[in-house]
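Since the structure comes first, as structure tokens, the remarks are kept for the end.
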Amino acid sequence: MPTPLLETSVQRTLLAWTERFARPEWRGSTVEGWLFEGAAARRGAEERLRAAGVRARFRSAYKPLLHFFLEEVDRSALAAAAVRHPVHPLALPGRFVMEAYPLAGLLEGCALSFEPGGERLVYEVALTFKDGTTRQATVFAPNREHVGCSGSMLLSPTGWLRVQRPGAAAPATDARQPTSYEILFERLLAAVRGHQWPAQQPFFERLEVQLELNGMDEPLPVGHECVSTDEALHEDIYFSLLELFQERARCGPGDRTLQPGQIVPDVRASGSAPRLRVTLREFAPVQDEPLPAAPQPPLEALQAPPSHARISAELARLGGQRFSARSRQGRAVDGVYHRGHGAPVFVSGGQHGNETTGIVGALRAAAVLQQQGAAFAVLPLENPDGYALQRELCAHQPHHMLHAARYSALGDDIEYRERPPLYERAARDEALALSGAQLHVNLHGYPAHEWTRPLSGYLPQGYESWTIPKGFFLILRHHAGWDAPARQLLEQLSAAMARVPGLAEFNARQLALYGRHAGTMPFPVLHGIAHVVAQVDRLGSAPVTLIAEYPDETIHGDDFRFAHTVQMETALAAARIWQGLARR
């Protein structure tokens, strides 16, 4: 039986402000407000107050500089924009430039420059238009200082209200005003903190957080970028609750072995009062998903993630020696080992359930390796429980990155699981044992558009370098004594991938936009591909592990097809290069 933890609602902030200032005593006043709602709703509220004799301007508290250019500047007439951004001791020096992302992409053809300013939370903007006219503007960035769930001091966007009565020398109000967006988030954290959780992990099976809000979810004309307070709140809820349970379990920040249970934030737009429901549930019985009766496109033509049934069917076509494990929820974790010629390699995908192109890339690579008679093991979907959650949440939010589906149903990262029961992890161990592979090609993904946590310091803590897409890149981990072959693999593979049609151009575009907002790439770049090399002597891993990272979270259509082609080419090129290195 489900156990309700919290059910609460709050008045919509924009509605509360509109009702308040429409009263006769505010006639002639000027009202400025910052909150987490879309432009259409804010313009409507301004019109209603204008009819009541009040001059109102409601702006976005989320990404205020970006919205200034979206809503208050004729970008087509703009020749140059010089921006002085805040630099605050509680934020990374470049945070407010990253918060303006993807402004450089919106202002193509305009000479845009950023330079650091002071601690005052304003952007100072100097605009020059094509007709020679100029304009100066000050853009307020309302933030608050507070302690985050990880225990560190944070500077986070917040609601704000500034009210000037007619004839008054000073504002009647000029202060932070918590919005419904923030209030429900704080109520959730308070409810989770105050609940009596079991002493041992996992603390629950499924923790559902259902939020209905009046936010914004609007695409931008730059790549896959969008402005979505709904998506941002999903991210903030998921990672904030992880931080609370890490504290409870006395784990370090970002500990991937934590097993709290499955956290499921479901944030949706609503026209009614903002509402929050928090419920504990047991896992539902797993329902096997049948293959569709209609003919399905071949793997190379897939434009969306395949069903678990389709993945199983493709594995069956490969033949070879089957191996299998079971997930926490009881789903099959299936792989295939092929005895063949040459040095064996192990190819896997789907370790993180919301990173979907590696699954198709692994299956496509395995089909080619089978035709070549190569020795290999393939495990295309390591985390079927996370993948099932991703498909569940995508039914309502198909373009969100959905990091709640990243980890297993236990709430941990499968790769870091060391204590029994191993569940999914047992399949990886068997793939390595059966094949004897000394190279593991692990196909991953990351967000295809900006990743933020606006109520927890804006940038995702521990993942700051991942907040803006930077193209396809590689992570190479090796055991002690394996540095030389690992680096040879990286050099040859980077050169090979630079020749994949379209990839060099894709990377160049993303790296250029990344550089405009995030500054110098923190990783070395080889043949146009960023990379990281590290010695990691993790028990149960291959001597060399190649992790391919493609910005695939949220993509569909031709972009999805291109992404899984890149993943396939990565696995095939790595396997081919490894044969030459092994012979040496």
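The values are calculated or read from the model by the stated rules, or taken from the named source; none is laboratory data. Only a predicted model underlies this, so the values are computations on that prediction, with no experimental measurement involved. Neighbour counts are summed over all protein chains in view; Cβ atoms, including those assigned to glycine, are modelled from backbone coordinates with ideal geometry. Quick note on the areas: whole protein, heavy atoms, side chains included, nothing else; ligands and nucleic acids left out. Shrake-Rupley method; radii C 1.70, N 1.55, O 1.52, S 1.80 Å.
Here are the numbers for this structure:
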read-out: Checking ARG516 against (1) assigned to a helix (DSSP H, G or I); (2) free of Cβ contacts under 8 Å to residues at least 60 places away in the same chain, the condition it does not meet; value: (2)
read-out: Residues satisfying the stated conditions in the stretch 180-211, i.e. aliphatic (A, V, I, L, M), open to solvent by less than 10 Å² (accessible area, probe 1.4 Å) and assigned to a helix (DSSP H, G or I); value: LEU184, LEU188, LEU189, VAL192
read-out: Residue that is farthest from the chain's Cα centre (by Cα) [pool: residues in the stretch 326-351 that are surrounded by fewer than 22 Cβ atoms within 10 Å (Cβ to Cβ) and among the aliphatic types (A, V, I, L, M)]; value: ALA343
read-out: Residue selected from the stretch 516-528 under the condition in contact with a helix residue (DSSP H, G or I) (Cβ under 9 Å, 6 or more places away or on another chain) and closer than 19 Å to VAL97 by Cα, by the criterion least open to solvent (accessible area, probe 1.4 Å); value: HIS517
read-out: Pairs with Cβ under 6 Å, 6+ apart, first in the stretch 349-371 and farther than 13 Å from HIS564 by Cα, second among the hydroxyl-bearing types (Ser, Thr, Tyr); value: GLY353/TYR387
read-out: Subset of the stretch 477-496 that is surrounded by 22 or more Cβ atoms within 10 Å (Cβ to Cβ) and in contact (Cβ under 8 Å) with a residue 60 or more places away in the chain - its residue that is nearest to ARG95 (Cα to Cα); value: ARG477
read-out: Residues that are of a type in the set (A, V, I, L, M) and assigned to a helix (DSSP H, G or I), drawn from the stretch 1-55; value: LEU14, LEU15, ALA16, ALA39, ALA40, ALA41, ALA45, LEU49, ALA51
read-out: Out of SER113, SER76, sole residue that is more than 29 Å from the chain's Cα centre (by Cα) and at pLDDT 95 or above; value: SER76
read-out: Residue within the stretch 88-105 that is assigned to a loop (DSSP other than H, G, I, E, B), free of Cβ contacts under 8 Å to residues at least 60 places away in the same chain and acidic (Asp, Glu) present; value: no
read-out: Any chance GLN390 is within 21 Å of PRO285 (Cβ to Cβ) and either surrounded by 19 or more Cβ atoms within 10 Å (Cβ to Cβ) or touching a helix residue (DSSP H, G or I) at 6+ places or on another chain (Cβ under 6 Å) (or both); value: yes
read-out: Filter result for GLU235 (touching a Lys or Arg at 6+ places or on another chain (Cβ under 6 Å) and surrounded by 16 or more Cβ atoms within 10 Å (Cβ to Cβ)); value: yes
read-out: Which listed residue is without any contact (Cβ under 8 Å) to a residue 40 or more places away in the chain and open to solvent by 40 Å² or more (accessible area, probe 1.4 Å), from ARG23, ARG42; value: ARG23
read-out: Search result, residues across the stretch 269-300 that are modelled with pLDDT of 95 or more and assigned to a strand (DSSP E or B); value: ARG275, LEU276, ARG277, VAL278, THR279, LEU280, ARG281
read-out: Residue that is farthest from ALA141 (Cα to Cα), among those in the stretch 69-100 that are open to solvent by less than 10 Å² (accessible area, probe 1.4 Å) and not aliphatic (A, V, I, L, M); value: PHE69
read-out: Those residues of the stretch 213-263 which are hydroxyl-bearing (Ser, Thr, Tyr), closer than 18 Å to ASP412 by Cα and in contact with a Pro (Cβ under 8 Å, 6 or more places away or on another chain), in sequence order; value: TYR238
read-out: Members of the stretch 412-445 found to be part of a strand (DSSP E or B) and surrounded by fewer than 20 Cβ atoms within 10 Å (Cβ to Cβ), listed by number; value: HIS444
read-out: Residue in the stretch 560-571 that is more than 21 Å from the chain's Cα centre (by Cα), small (Gly, Ala, Ser) and either crowded, with 17+ Cβ neighbours inside 10 Å or part of a strand (DSSP E or B) (or both) present; value: yes
read-out: When residues of the stretch 446-475 are limited to those that are hydroxyl-bearing (Ser, Thr, Tyr) and farther than 22 Å from VAL147 by Cβ, the one surrounded by the fewest Cβ atoms within 10 Å (Cβ to Cβ); value: SER465
read-out: GLU71, sole failed condition from (1) under 27 Å from the mean Cα position of the chain (by Cα); (2) over 24 Å from SER228 (Cα atoms); (3) of a type in the set (D, E, K, R); value: (2)
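For every residue, the table says whether it meets (1) part of a helix (DSSP H, G or I); (2) in contact with a Lys or Arg (Cβ under 8 Å, 6 or more places away or on another chain); (3) farther than 22 Å from PRO469 by Cβ; (4) touching a residue at least 12 places away in the same chain (Cβ under 8 Å).
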residue: ALA81; (1), (2), (3), (4): no, no, yes, yes
residue: GLU124; (1), (2), (3), (4): no, yes, yes, yes
residue: LEU127; (1), (2), (3), (4): no, yes, yes, yes
residue: HIS146; (1), (2), (3), (4): no, no, yes, no
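So that you can scan it fast, the table gives a plain yes or no per residue for (1) open to solvent by 40 Å² or more (accessible area, probe 1.4 Å); (2) in contact with a Pro (Cβ under 8 Å, 6 or more places away or on another chain); (3) within 22 Å of ASN354 (Cα to Cα):
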site: PRO265; (1), (2), (3): no, no, yes
site: LEU280; (1), (2), (3): no, yes, no
site: PRO306; (1), (2), (3): no, no, yes
site: ARG310; (1), (2), (3): no, no, yes
site: ARG317; (1), (2), (3): yes, no, no
